[in-house]
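The values are calculated or read from the model by the stated rules, or taken from the named source; none is laboratory data. Everything numeric in this text was worked out from a predicted model, so none of it was measured. Using ideal geometry, Cβ is built from the backbone for each residue, glycine included, and neighbour counts are taken over all protein chains shown. Side chains are part of the model used for accessible areas, which takes the heavy atoms of the whole protein and leaves out ligands, DNA and RNA. Shrake-Rupley method; radii C 1.70, N 1.55, O 1.52, S 1.80 Å.
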Amino acid sequence: MKKLLCGTRADWLCEVLASRMGLPLYKVTHKQFPDGESYVRVPEEVLGEDVIVIQSLIPPQNDSILELILIAEALTENGTKEITLFAPYLAYSRQDKAFLKGEPISIKALLQALSFFGITKLVTIDIHKPESLIYFKGPAKNVIPVSSLASELFKLSDNPIIVAPDKGALERARMFSEKLNTEYIQLEKKRDVHTGEISLSSTLKNLNGRDAIIVDDIISTGGTIAEATKLLKKAGARKVFVTVSHALLVSNALEKLRTSGVEEIIAANTLPPKHNIRYVDITGEVKELLKHF
Ligand code: R5P
């Protein structure tokens, strides 16, 4: 039987996943040495066993990654051969190419490092580009939690229009529109590769008081969603809802979204919970996969 091991960067969802899977949960001990270095210890009960490590690569991302590497090292050093990583949020996935000469493909570096340190299988939620998983050496699965999120969206609005804020969100929008049995549209987004500044445009027809639901993988600074919301409001949308897998919401993102006119944010629980967000538990969508992967 596989053993479930919770890293310190996933504690808000470990218990619920463990009870859904009907497995006992073991927890990593972590502390920081006075000089800033990290220390981890893995419980003896999981050593040498097939282990599912739950660790979301949340901010501060580099600390989450290092802790994971130390966990993997402790396990392999003690005879564990199979380590399945469940990483609800996979950091660095947006740097999936070198936008400028001299940049790394960060997600490639990360996934290759995870393989190198002995992680043999990977399950993640809504990676920015599923194609990036090719850099991981073993089997890897990306789960877009459309069913869980859609069941919450059903309660909020009748006949909404689904909006992809950019080309990258198009497939996600198609999946949501199929689930909610409604149509979808796509906005055009341009990002300045030097400043990171974005601009959105569209050839939107009048929405005539219809609700809109913007679907995206992640809200970071909130810039994309705020601009998209303003466009939709201008085009006559009644309420604008947003649903994302990763509500990172850095600095004043939440405030930016409220002032742009966002009605409500519905997010998967891949990151630690914050106020004023409607969270949806997505562990039900991975429990069987993790058991039999
Ligand atoms: C980019 O292509 C992503 O899908 C998100 O739209 C983007 O990363 C969100 O970032 P922000 O909230 O800073 O606009």
- Query: Do you know which of the residues in region 251-274 that are within 22 Å of residue 91 (Cα to Cα) and either open to solvent by 50 Å² or more (accessible area, probe 1.4 Å) or assigned to a helix (DSSP H, G or I) (or both) is nearest to the ligand (Cβ to nearest atom)?
  - Reply: 253
- Query: Does any residue in region 108-134 that is closer than 21 Å to residue 268 by Cα and open to solvent by less than 10 Å² (accessible area, probe 1.4 Å) come within less than 8 Å, Cβ to Cβ, of a residue that is of a type in the set (Asp, Glu) and part of a strand (DSSP E or B) six or more places away or on a different chain, and which pairs are these?
  - Reply: 126/217; 127/217
- All positions within region 176-214 that are within 15 Å of the ligand (Cβ to nearest atom), surrounded by 12 or more Cβ atoms within 10 Å (Cβ to Cβ) and either farther than 18 Å from residue 241 by Cβ or of a type in the set (D, E, K, R) (or both): 188, 189, 191, 198
- Determine whether residue 223 is within 14 Å of the ligand (Cβ to nearest atom) and open to solvent by less than 30 Å² (accessible area, probe 1.4 Å). yes
- Message: Please determine whether any residue of region 201-212 is hydroxyl-bearing (Ser, Thr, Tyr), touching an Asp or Glu at 6+ places or on another chain (Cβ under 8 Å) and modelled with pLDDT under 95.
- Response: yes
- Complete set of residues in region 215-250 that are part of a loop (DSSP other than H, G, I, E, B) and out of contact with any helix residue (DSSP H, G or I) (no Cβ under 6 Å at 6 or more places or on another chain): 220, 235, 236, 237, 238, 239, 248, 249, 250
- Which residue, of 169, 235, 173, is more than 10 Å from the ligand (Cβ to nearest atom) and within 19 Å of the chain's Cα centre (by Cα)? 173
- Could you give me the residue pairs with C-beta distances under 7 Å whose first residue belongs to region 207-235 and is of a type in the set (Asp, Glu), whose second residue is assigned to a strand (DSSP E or B) and open to solvent by 10 Å² or more (accessible area, probe 1.4 Å) wherever it lies, and which are 6+ apart or on separate chains? 227/198; 227/200
- Task: Would you mind telling me which numbered condition in (1) free of Cβ contacts under 8 Å to residues at least 24 places away in the same chain; (2) surrounded by 21 or more Cβ atoms within 10 Å (Cβ to Cβ) residue 170 fails?
- Result: (2)
- Could you give me the residue pairs with C-beta distances under 6 Å whose first residue belongs to region 12-32 and is more than 16 Å from residue 87 (Cβ to Cβ), whose second residue is assigned to a helix (DSSP H, G or I) and open to solvent by less than 40 Å² (accessible area, probe 1.4 Å) wherever it lies, and which are 6+ apart or on separate chains? 16/283; 20/283; 25/14; 25/18; 26/46
